[in-house]
Amino acid sequence: MGRLNTPLLNPKRKISKLQKKYKKFENSKMITPNITTPTTPTKIKPKKKRIRKPPMSHKRGRPKKVVPPSLPPVPPSLPTPPPVPPSLSSSLPYPDNSNNNNDVKIRIELPPKVNPLLSTTARYRVLWGGRHGAKTESVARILVLKSTQRKIRILCARETQVAIKQSVHSVIKRVIQQMGLTAFFEINDTSIKNKWGSEFIFSGLSDDVIMGIKSMDSPDILWFEEASSMTWRTWDKLDPTIRSSNAELYFTLNRDKDEDPISQLFICQEPPDNAIVIEMEYWDNPWFSEEAKKQMEWMAATDFEKYLHEWEGRPVNHSVASVFKGKYIVNDFTDKINPTLWSPIYGCDLGFSIDPTVLLKAWVYEDRLYVEHEIVETNLDLDLMPDRFKTIPGSSTHIMYVDSSRPETISFLRLHGFPRALPTPKWPGSIEDGIARLRGFNKIVLHPRCEKTLYDLQNYSYKVDKQTGHILPDIVDKYSDCIDALRYAITPLVKNYKYGNKPSPDHSIILDQYGRPLSPASHLPEGYRLQQNYAAMRGNKIIR
């Protein structure tokens, strides 16, 4: 637009002023020489604030007295812990031994089950159990508290430790922060010290480390995490190395195969007098979360063996030779039973000598076998057997398959309230066929009260060659009491169940459309044919 000389937008008076300012700006420009200046930034001095003098009072020209506003109280050096219901509280002096009246207040929350660890003088302290049992958390809190009560050296060890991440260093650090003691601890990457002189050391227990412990002062407290991985070589060297008379040895573990020294010495047998052994499970954990509960319930419903090991701390006694591995679960199904759709079945294995007598009641529905009741008794007299069997509902009115090796006992049961007690037919390979049918079910669901049946299912296994380790086709004749009763109960469902050329009226069983066994055939010769015609009209299946 050139010079702004439009009279409407810019009057002459304003244009002349702009031109004057522009000329002054042009004249003020100077050519600066090309001189390199240092790159260090110059410090800019802050402007001084103008301080107003207080108003003068009327008397003697003195300034008026100004009252400062009330300041908030100075916060203490230690943060206040969250208001939790404490199970243990302690008051400790400051580490600098000053005459400060404000002692360090420490509050920790512990599961009630571990409280004996605070008062016992036992040398060995073993905490075992499954997942989320608060074993590691409880020991970490106890050791942090003990480190503030006196000067001690705590060795936190494992069988093998390549990096500090594999140790309990992060757990100790988190507990210190939760207890509000960060100001009194010096946390390094490899060790933790506090102002009371105590020290946490983290290490794996190789031969060199154990020899180093021998040559220096023995630690006052040893914490061995994941003690199920400890070898006998480590135990034989470690136990005599901790020489202090007041030493405390903590062992936390999830049981594996019970081959480690801690399981063998303190869990599988009666522990010594100077040991305290505590089982910690997820139901003992006051901090058990809802998310962990969902994981636990899902595993219990899908793989009960794995649930028992990981969540209840049971040892892994089964192997690939287990017959029913992954085939059973435990669940209370009482509310789901529908007698109009579910088929009740009964099986009885008669005991002899030390073998118990077993009676089981089960249901068949939708390719699942539900075991509801069990009676397992050793040395059960024959006179008491009928009254004992009648405690299981429906056993006297339904068909009950009994071990055929004792025909006199079957006759006695028929005369004393069990007219439908039938001998179980046996044929070459009947055991293998019965086991194959049990394994053919989608799941075997056990009621929680059927503990002996669960125990037999866990331990029923094939033979293993001792030299080669190969699994043999033969089955170990052990833990078979409840398994045999189950095989007898599902006799009509076995694939190769036969009666021979001429069917026996006592053994001809017809299943209706729901899979329920109908009444046995009449003793008349034509009874089987009448039932066969009746089943054909209804579209039912007959098992010969």
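The values are calculated or read from the model by the stated rules, or taken from the named source; none is laboratory data. Keep in mind that this is a model prediction, so the values were computed, not measured. Cβ sites come from the backbone with ideal geometry, for glycine too, and all protein chains shown count toward neighbours.
A compact table of results
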| read-out | value |
| --- | --- |
| Hey, Leu308 among the hydrophobic types (A, V, I, L, M, F, W, C), at pLDDT 85 or above and on the phi < 0 side of the Ramachandran plot or not | no |
| Residue check for Tyr455: surrounded by 13 or more Cβ atoms within 10 Å (Cβ to Cβ) and not in a helix (DSSP H, G or I) | no |
| The one condition in (1) crowded, with 17+ Cβ neighbours inside 10 Å; (2) under 30 Å from Glu305 (Cα atoms) that Leu249 fails to fulfil | (2) |
| Within the range 315-330, tally of residues that are touching a residue at least 60 places away in the same chain (Cβ under 8 Å) and surrounded by 17 or more Cβ atoms within 10 Å (Cβ to Cβ) | 10 |
| All positions within the range 341-356 that are touching a helix residue (DSSP H, G or I) at 6+ places or on another chain (Cβ under 8 Å) and modelled with pLDDT under 90 | Gly351, Asp355 |
| Positions within the range 458-474 being crowded, with 18+ Cβ neighbours inside 10 Å and not in a helix (DSSP H, G or I), in sequence order | Tyr460, Ser461 |
| Residues located in the range 311-340, provided they are in contact with a Gly (Cβ under 8 Å, 6 or more places away or on another chain) and modelled with pLDDT of 90 or more | none |
| Residue in the range 283-308 that is farthest from Ile444 (Cα to Cα), counting only those that are surrounded by fewer than 19 Cβ atoms within 10 Å (Cβ to Cβ) and among the aromatic types (Phe, Trp, Tyr) | Trp287 |
| Residue in the range 397-416 that is on the phi < 0 side of the Ramachandran plot and either touching a Gly at 6+ places or on another chain (Cβ under 6 Å) or in the same structural domain as Ala134 (by TED's automatic domain parsing) (or both) present | yes |
| Residue identified as touching a Pro at 6+ places or on another chain (Cβ under 9 Å) and at pLDDT 90 or above among Ile192, Ile172, Ile154 | Ile154 |
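Each row is one residue, and each column tells you yes or no for (1) assigned to a helix (DSSP H, G or I); (2) modelled with pLDDT under 90; (3) touching a Ser or Thr at 6+ places or on another chain (Cβ under 9 Å); (4) not assigned by TED's automatic domain parsing to the domain that holds Phe266.
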| site | (1), (2), (3), (4) |
| --- | --- |
| Asn100 | no, yes, no, yes |
| Leu117 | yes, no, yes, no |
| Leu127 | no, no, yes, no |
| Ile142 | yes, no, no, no |
| Ser147 | yes, no, yes, no |
| Val162 | no, yes, no, no |
| Lys165 | yes, yes, no, no |
